[in-house]
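Heads up: the structure comes next, in structure tokens.
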Amino acid sequence: MAKERSVIQRYSHGDIISMYIYGEVTEPRNYIQELETIRNARDTDTIVMYYNTPGGNLDTAVSFISAMSASNANIVGVIDGLCASAGSLMFLYSDEYEINKGGHMLIHAYSSWISGKRNEVLAQVAFSSGLNENLFKDIYLGFLTEEEITRVNAGHDIWLAADEIGKRCITLLELRQSSMVDASSDEIENNED
């Protein structure tokens, strides 16, 4: 199956870079070009990431989140259809959001396949559970309520249609803006001391 690749449109004021996360999110090594492009983008660039994915590899989502965090570009997440699991984590790390008609999202607790000796399996489950609960809280808090995050971590799935995703994205952006204002105020107060 052919993999959608990045599309870069060059403009004098900056680049518009389109990326397609279509289909299953596979191993991080399959996204080196995309990760490098995100990480090295300029502050005049806009990266538009289109999602139509059932999700997939959590490590890849973490790699995308790391690159997005380090990027100087404005990142726009666009849901074209299903944005599930690892895809929802990546989408919510965007700076701006667009949800097309028919867009929908699935949020659920991680799934894993673990093998090894009993003590290794138990240790990995304990470690992964804590790691994923913290990651989920960091990304989903503000988009989901604390009660919803607790329900997801307990194994409940949350399905959201386009309208509900849009409302929650507005709330998330407002919370981020409020946090940025609070952080700026604290920094000004510290500089005055």
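The values are calculated or read from the model by the stated rules, or taken from the named source; none is laboratory data. Note that the structure is a prediction, hence the values are computed from the model and not measured. We place every Cβ from the backbone using ideal geometry, glycine too, and count neighbours over all the protein chains shown. When the accessible area is computed, the model is the full protein with side chains, heavy atoms only, and any ligands, DNA or RNA have been set aside. Shrake-Rupley method; radii C 1.70, N 1.55, O 1.52, S 1.80 Å.
Here are the numbers for this structure:
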quantity	calculated
Potential lengthening between E96 and T145 on full extension [0.36 nm per residue; Cα-Cα distance subtracted]	15.6 nm
Loop chymotrypsin sites (Phe, Trp or Tyr not before Pro), segment 60-154 (other Cβ atoms within 10 Å of the site Cβ: 11 or fewer; DSSP)	W113
Accessible heavy-atom area order of D45, D157, D138, highest first, probe of 1.4 Å	D138, D157, D45
Highest average packing first - 73-83, 19-29, Cβ atoms within 10 Å	73-83, 19-29
Extended-chain gain in nm, criterion 0.36 nm per residue less alpha-carbon gap, H156 and R42	37.1 nm
Environment charge of C169, counting only residues whose C-beta is closer than 14 Å and scoring Lys/Arg +1, Asp/Glu -1	-3
In Å², nearest 10: area of K167 left accessible to a 1.4 Å probe	130 Å²
Efficiency of FRET from Cβ geometry, N72 and I170, R₀ 25 Å, rounded to 0.05	0.50
